[in-house]
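See below for the structure under consideration.
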């Protein structure tokens, strides 16, 4: 890879020093071809060279917002779930997300964080019936603790 980069730099220097026409003529002479043939081959190489495309990563939260807009009849429920997901009162941990997918017989794929699962989660939520969405979007009545919260309470030996 480094030698390819060095070759590119050397070619750029030769182009800057001698110009494209002189460089093409020298290449044609050394290969025993006409300058037209070398230029034709260079043009073919330019057309074959893959264009480097930079991947514009779409913000998953914007993706969810557009997904909510695609389902106007479910928008209120999805927005409520979206807010609860963001403040971790709905599926607060990745294992909860995994369990939710498993309960709905859906494939989550290989994700390493809750935020990586958000688009797939909301696609799944958009397919649920309105009654189930209504149940899910209700705020929990009592304050539920995460597993870390339970551990810290036990360590501090507080009782409820």
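What the table below lists for this structure:
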{"quantity": "Selection status of residue 80, in the same structural domain as residue 130 (by TED's automatic domain parsing), in a helix (DSSP H, G or I) and in contact (Cβ under 8 Å) with a residue 40 or more places away in the chain", "calculated": "yes"}
{"quantity": "The stretch 95-114, residues that are over 22 Å from residue 139 (Cβ atoms) and assigned to a helix (DSSP H, G or I)", "calculated": "98, 101, 102"}
{"quantity": "Odd one out for residue 33, checked against (1) part of a loop (DSSP other than H, G, I, E, B); (2) closer than 30 Å to residue 134 by Cα", "calculated": "(2)"}
{"quantity": "Yes/no for residue 14 being surrounded by fewer than 13 Cβ atoms within 10 Å (Cβ to Cβ), in a helix (DSSP H, G or I) and outside the structural domain of residue 122 (by TED's automatic domain parsing)", "calculated": "no"}
{"quantity": "Matching option when the condition is free of Cβ contacts under 8 Å to residues at least 12 places away in the same chain, closer than 20 Å to residue 135 by Cβ and not assigned by TED's automatic domain parsing to the domain that holds residue 21, among 99, 95", "calculated": "99"}
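The values are calculated or read from the model by the stated rules, or taken from the named source; none is laboratory data. Quick caveat, the model's predicted, so the values are computed rather than measured. So basically every Cβ, Gly included, is an ideal-geometry build from the backbone, and we count neighbours across all protein chains shown.
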